[in-house]
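Read through the structure below, which is laid out as C-alpha cells, and then see the notes.
The values are calculated or read from the model by the stated rules, or taken from the named source; none is laboratory data. Note that the structure is predicted; figures quoted are calculated from it, not measured. Please note: Cβ atoms are built from the backbone with ideal geometry, for glycine as well, and neighbour counts cover all protein chains shown. Calculation scope for accessible area: heavy atoms of the full protein, side chains included, ligands and nucleic acids excluded. Shrake-Rupley method; radii C 1.70, N 1.55, O 1.52, S 1.80 Å.
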Amino acid sequence: MTIKTLTATLLLCSTLTACSVMNQQECETANWNALGYVDGSQGAAPSQFNERSSACSEYNVRADFAQYQTGYQKGLISYCTESHGFFVGSNGNSYQGVCPQKTAAAFLKGYNRGQELHHMKERVENAERDLRMEQYDVDHQKERLNDLKNSLIYDNLSSRERREKLDEIDEINNKPNDIKRKQHELNKLRQELNKLQEKLNKQY
C-alpha cells in the first residue's frame, strides 16, 4: 500500500481513530513505513502505532515499529511547520503535542494564529445565529401580541396577570431594538474578522 493510497484513504475518514482499526487484509499488506509517514504528516499521537499494532495482533500480524517510526518522523517534518500549524488551528483541529522541540515553536506560532481566526469565525457564526433567532421571534409573535392585547381588554384578569401580560407586550415590542443591537454587534464582528483575515492572508 503506497503513501498516496493511504493518504486518499485517510481523507475519507472523519477521525484518525476511525481509521486506526485495521482489518486483516490491511494488516497483512501493511507498509509500516508508509503508515507511519501518513500518521506523522497528519499529526497523530505516537500512541497511534499501539492502536494499529493491537488491531493487527488479533490477526497474528506483527507491526514493524522501526519502519513505522522512520516514516512517522518523516511525516512530522511536513506537519510541524508554521504554515501547517496555521492550517490546523484555523480549521479548529486539536494539536497532540507531537512536534519536536526544534520545530514546535514555529508550528505553535502558526497554530495559535489559526486558532485566533477560527475563534473569530465562531463568534461571527454565533452572532449570525442569534440574529436569525431574534428575527424569527419577531416574525412569529405578531399573533401572540394580538392575543395579549385582546386578553387585556376582554379577560377578567388579576393585577398580577395584567402586569405579566403587559411585561410580555413590552418584551415583544422591544424585539426590533434587540435586533438592531445584535445587527450592530454582528457588523462590528464581521469588520474585525475581515481585518484579521487580511492581516493573516499576508502571512499565510
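Of the residues screened, Lys74 is one that is touching a helix residue (DSSP H, G or I) at 6+ places or on another chain (Cβ under 6 Å), surrounded by fewer than 18 Cβ atoms within 10 Å (Cβ to Cβ) and more than 30 Å from Glu198 (Cα to Cα). Exactly one residue out of Phe107, Phe87 is under 15 Å from the mean Cα position of the chain (by Cα) and over 30 Å from Lys182 (Cβ atoms), and it is Phe87. If the condition is being surrounded by 13 or more Cβ atoms within 10 Å (Cβ to Cβ), more than 25 Å from Gln135 (Cβ to Cβ) and not small (Gly, Ala, Ser), then the range 146-163 contributes Leu152, Leu157, Glu161, Arg162.
State all residues of the range 179-194 that are open to solvent by less than 50 Å² (accessible area, probe 1.4 Å) and more than 9 Å from Val124 (Cα to Cα); if no residue qualifies, say none. Within the range 179-194, Ile179, Lys182 meet the criteria.
Cβ-Cβ contacts under 6 Å between residues 6 or more apart (or on different chains), taken from a first residue in the range 88-103 that is within 15 Å of His119 (Cβ to Cβ) to a second residue that is among the hydroxyl-bearing types (Ser, Thr, Tyr) and open to solvent by less than 50 Å² (accessible area, probe 1.4 Å), are listed as Val88/Tyr111; Gly89/Tyr111; Tyr95/Tyr111.
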